[in-house]
Amino acid sequence: MGDLLRENTLYGNIYDWAIGIVGEDLAWLAYTVAVMAIILLVVNAFLAMGTLYTWAERRIIGRFQSRVGPNRVGPFGLLQAIADAVKLLFKEDIVPRAADRIVFNLAPIAMLAPSVMALAVIPFGQTSYLANLNIGLLYLIATSGIASLAVMMAGYASSNRYAMFGAMRAVAMLISYEIPLVMVLLAVALLAGSMSLVDVMTSQAIPFLLVTPLGAIIFFLAISAELNRSPFDITEAESELIAGYLTEYSGMKFGVFYLAEFANVLLAGAIFSTLFLGGWPWWTPLSHVWFLVKVMAFAFIAIWVRSTIPRFRIDQIMVIAWKVLFPLSLVNVAAIAIEVVAWPERTLPQLVIMGIINWGITAVATVAVTRAWRASNGLRVSPSARAVRLEVG
């Protein structure tokens with residue numbers, strides 16, 4: 001039993017230990033024990049890291065904004081996230097009288113579930129993945145779509161107009177940015193010749209970040225929108241919609257939404273590291289540490305962007321998705337497809353040549369699409385305005 005997990009070293013060790021205790025006649029019990037142990041370890045480690053990440057983000061943003069950040073509970077404020085979780089557990093769980101109670105209660109679960117499900121195909125280190133699916137990229141696309149449904153469920157079930165408006169425009173944004181995101185994953189699958197994340201990782205003689213920089217940039221921007229990260233954080237937009245789809249949530253249900261949002265940053269970092277940074281291969285004994293370093297680097301850049309760039313308006317966000325990222329994703333897929341046909345067997349020198357070509361395409365396409373977008377929106381600086389600027393200067 002458990003042939004799909006046999007490549008997982010941790011699973012194999014737990015399974016062999018359980019077999020030694022219960023015997024071959026109860027192999028199904030050993031399989032169950034090993035699987036449940038893996039699930040508990042992965043899920044709890046992931047949620048614990050997500051909780052710790054909330055502290056790290058608040059501390060780093062505090063430094064960006066010339067303040068200290070959480071520093072009262074525990075050394076350096078490390079226990080602040082635990083204190084917040086305990087506080088939320090004891091808060092009253094308020095449900096609006098007119099709410100759809102079943103959907104209202106299921107929405108937080110639906111928000112966190114895809115994060116946990118996506119962990120199944122992420123290779124964290126050598127032989128450290130739950131399943132090497134040959135449709136891993138397709139699996140990630142399918143699970144990520146559940147988050148849009150969860151947002152809509154929360155807004156609809158709250159029986160609150162602000163929550164409903166926030167959910168509707170959030171879903172519009174999420175669906176819009178799914179398209180360039182999927183196009184990038186298509187380009188990666190073409191480049192690697194497989195949709196398995198393990199194959200994508202092992203096919204990177206050099207990191208795909210250097211081979212297809214345009215795809216990496218589009219992926220980062222699109223996944224920032226999917227994660228509700230600044231400057232795309234309009235799903236809440238407290239200055240406009242109170243808290244958006246979260247307006248009527250309190251207690252631990254509110255906490256689950258935020259835990260999913262913060263933990264998803266680490267999940268996105270793991271996916272980005274696998275697709276564009278070569279995953280864990282470097283030195284086998286430190287494969288997990290090396291992978292975690294790349295995830296933390298992605299998370300730090302996400303915090304940096306959040307601290308630096310103000311929130312876009314909803315119309316600006318939609319324009320960026322359809323008039324900038326979507327055309328660029330088409331250019332990226334077309335370029336990768338042509339290069340894959342030209343070099344069916346991509347050796348290291350050929351990947352270097354592809355990288356040089358794609359860096360040039362990235363520069364030209366970005367400038368062309370950006371100028372076309374600015375011209376279509378009337379953002380060109382007129383001669384009179386330029387003259388005024390010169391006089392003022």
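Scanning region 87-117 for residues that are among the β-branched types (V, I, T) and farther than 28 Å from S159 by Cα gives a single hit, V116.
Of all residues assigned to region 334-352, none qualifies as being within 22 Å of the chain's Cα centre (by Cα), hydrophobic (A, V, I, L, M, F, W, C) and surrounded by 14 or more Cβ atoms within 10 Å (Cβ to Cβ). Given the residues F90, F76, F64, which is the only one that is of a type in the set (F, W, Y), exposed (fewer than 15 other Cβ atoms within 10 Å of the Cβ) and without any contact (Cβ under 8 Å) to a residue 12 or more places away in the chain? Only one candidate passes the filter, namely F90. Take the conditions (1) at pLDDT below 80; (2) exposed (fewer than 14 other Cβ atoms within 10 Å of the Cβ); (3) within 24 Å of V293 (Cβ to Cβ); N8 misses just one of them, which is (2). As a summary of the residue check, I39 satisfies the conditions (1) touching a residue at least 60 places away in the same chain (Cβ under 8 Å); (2) not in a loop (DSSP other than H, G, I, E, B) except for the one numbered (1).
Would you please list the contacts, defined by Cβ atoms under 7 Å and residues six or more apart or on different chains, that run from a residue in region 113-128 that is free of Cβ contacts under 8 Å to residues at least 60 places away in the same chain to a residue that is part of a loop (DSSP other than H, G, I, E, B)? These pairs meet every condition: A120/L130; A120/A131. In region 248-286, of all residues being in contact with a Pro (Cβ under 7 Å, 6 or more places away or on another chain) and over 30 Å from G155 (Cβ atoms), the one that is modelled with the lowest pLDDT corresponds to W280. The single condition from (1) over 30 Å from Y129 (Cα atoms); (2) modelled with pLDDT under 90 that L351 fails is (1).
Are any of the residues in region 256-268 in contact with a strand residue (DSSP E or B) (Cβ under 8 Å, 6 or more places away or on another chain), touching a residue at least 12 places away in the same chain (Cβ under 8 Å) and assigned by TED's automatic domain parsing to the domain that holds N160? No, that holds for no residue. Taking V211 as the residue in question, decide whether it is of a type in the set (V, I, T), farther than 18 Å from L351 by Cβ and in the same structural domain as D315 (by TED's automatic domain parsing). No: the conditions fail for V211.
Within region 117-142, being surrounded by fewer than 18 Cβ atoms within 10 Å (Cβ to Cβ) and within 12 Å of the chain's Cα centre (by Cα) holds for one residue alone: I141.
For (1) under 30 Å from D100 (Cα atoms); (2) modelled with pLDDT of 90 or more; (3) in contact with a strand residue (DSSP E or B) (Cβ under 9 Å, 6 or more places away or on another chain); (4) of a type outside the set (G, A, S), each residue gets a yes or a no:
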residue	(1), (2), (3), (4)
A163	yes, no, no, no
G166	yes, no, no, no
V171	yes, no, no, yes
I175	yes, no, no, yes
P180	no, yes, no, yes
A187	no, yes, no, no
L191	no, yes, no, yes
V198	no, no, no, yes
S203	no, no, no, no
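Restricted to region 289-328, and to residues there that are in contact with a Phe, Trp or Tyr (Cβ under 6 Å, 6 or more places away or on another chain) and more than 19 Å from I217 (Cα to Cα), the residue that is surrounded by the most Cβ atoms within 10 Å (Cβ to Cβ) is F291.
The values are calculated or read from the model by the stated rules, or taken from the named source; none is laboratory data. These figures come from a predicted structure and were not determined experimentally. So basically every Cβ, Gly included, is an ideal-geometry build from the backbone, and we count neighbours across all protein chains shown.
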